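A short worksheet on the structure shown next.
The values are calculated or read from the model by the stated rules, or taken from the named source; none is laboratory data. Since the model is a prediction, treat every value here as computed from it, not as a measurement. In this analysis, Cβ positions are derived from the backbone assuming ideal geometry, glycine residues included, and neighbour counts consider all displayed protein chains.
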Amino acid sequence: MNGTVALDVREVSKTYATVRAVDNLSFRVHQGEIFGLLGPNGAGKTTTIRMALDIIKPNAGEISVLGGPMTEEKKSRIGYLPEERGLYDDMTLLDTLLFLGQLKGLSRQTARQRAETYLREVELWDAHDRKIEALSQGMNQKAQFVAGTMHEPELLIVDEPFSGLDPVNTRIIKDLLLRMRDQGTAIVMSTHQMHRVEEMCERILLIDRGKQVLYGPLDDVRTRFATNTVAVDLTGPLDEVPGVERLTPHNGGYHMTLKEGVQPEVLLRTLVNMPEVTVQRFERVQASLEDIFVQVVGREVAWDDEVEPT
């Protein structure tokens, strides 16, 4: 991640009739990072994305894209993979990509070269002459990804990029996103797959009912909500351990829940000093993102498709 800001949202609000879909939201996305935009059903994610893309206007606040207000020229430097897929069913895959690539400012020759390169990368070249309607759900998903990225955007917004993909194709798309990040692309990823966020995102924004709930580096967020349990792998006899309230076998090792007031470093010192015990791994058990969110908002959440007010 570098210091260049690709997307800067400042105190933005949007109201539909009497519904406050987005409420005084602020965040930044930098070039060369994957930024997680997260929240439950109706949180305001889709509205935020639409405002960033200048599809709808905020009622208040400012949005800077690639250094300033959105322009027609900047739209060719942005990629978007919507959750609702929308390629042209009666066109062949290659013709669709040539058409969309030229709309993004590519010459027909460049669009043809890029389309073939990307289709081969996602293992779709053999289907280049098929109509979109003849593609499977997973093939359609990969085709949509190519359509949104073949012009090599500086800012990419992806909404549920792994939907409908098997593990092999998920890995293909994941690797492409990581490569784009490493090449300097700013990526905003909205997904309900929390484990993908934990794998890929450096910073996150969790929103609920249009408001910011958590914002910042993922490691910092997880540290703030660290549990009082540590995961330990060791060899040697182990019975009662001073400072441990509960000892639970876990994946060949132990989860040790500390008594109130006991710090992990104190437990580690205790274990190291125990005769015939060798500590091989010792780390604090991190709360999952979903656990953290439920804890913050104080209720169970539904990670379902979002339906914004109209």
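Exactly one residue out of 99, 35, 27 is over 24 Å from residue 171 (Cβ atoms), touching a residue at least 60 places away in the same chain (Cβ under 8 Å) and among the aromatic types (Phe, Trp, Tyr), and it is 27. For region 64-79, a residue qualifies if it is in contact with a helix residue (DSSP H, G or I) (Cβ under 6 Å, 6 or more places away or on another chain) and over 16 Å from residue 31 (Cα atoms), but none of them does. Looking across 283, 260, 265, one residue alone is at pLDDT below 95, in a loop (DSSP other than H, G, I, E, B) and surrounded by fewer than 16 Cβ atoms within 10 Å (Cβ to Cβ). It is 260. Filtering region 1-40 to residues that are buried (at least 18 other Cβ atoms within 10 Å of the Cβ), within 21 Å of the chain's Cα centre (by Cα), farther than 18 Å from residue 197 by Cβ and not hydrophobic (A, V, I, L, M, F, W, C) leaves 8, 31. Within region 147-197, restricting attention to residues that are of a type in the set (S, T, N, Q) and out of contact with any strand residue (DSSP E or B) (no Cβ under 9 Å at 6 or more places or on another chain), the residue that is nearest to residue 110 (Cα to Cα) is 183. Scanning region 216-257 for residues that are crowded, with 16+ Cβ neighbours inside 10 Å and under 30 Å from residue 30 (Cβ atoms) returns 218, 221, 222, 225. Quick one: would you say residue 209 is among the charged types (D, E, K, R) and surrounded by fewer than 17 Cβ atoms within 10 Å (Cβ to Cβ)? Yes; evaluated as a whole, the condition is true for this residue. The set of residues from region 99-113 being more than 15 Å from residue 144 (Cβ to Cβ) and surrounded by 13 or more Cβ atoms within 10 Å (Cβ to Cβ) comprises 102, 105, 106, 110, 111, 112, 113.
Residues in region 79-101 that are part of a helix (DSSP H, G or I) and among the aromatic types (Phe, Trp, Tyr): 99 alone.
When residue 95 is tested against (1) among the charged types (D, E, K, R); (2) at pLDDT below 95; (3) outside the structural domain of residue 211 (by TED's automatic domain parsing), exactly one condition is not met: (2). Condition check: modelled with pLDDT of 90 or more, closer than 30 Å to residue 21 by Cβ and exposed (fewer than 13 other Cβ atoms within 10 Å of the Cβ). Does residue 199 satisfy that? For residue 199, the condition - modelled with pLDDT of 90 or more, closer than 30 Å to residue 21 by Cβ and exposed (fewer than 13 other Cβ atoms within 10 Å of the Cβ) - is met.
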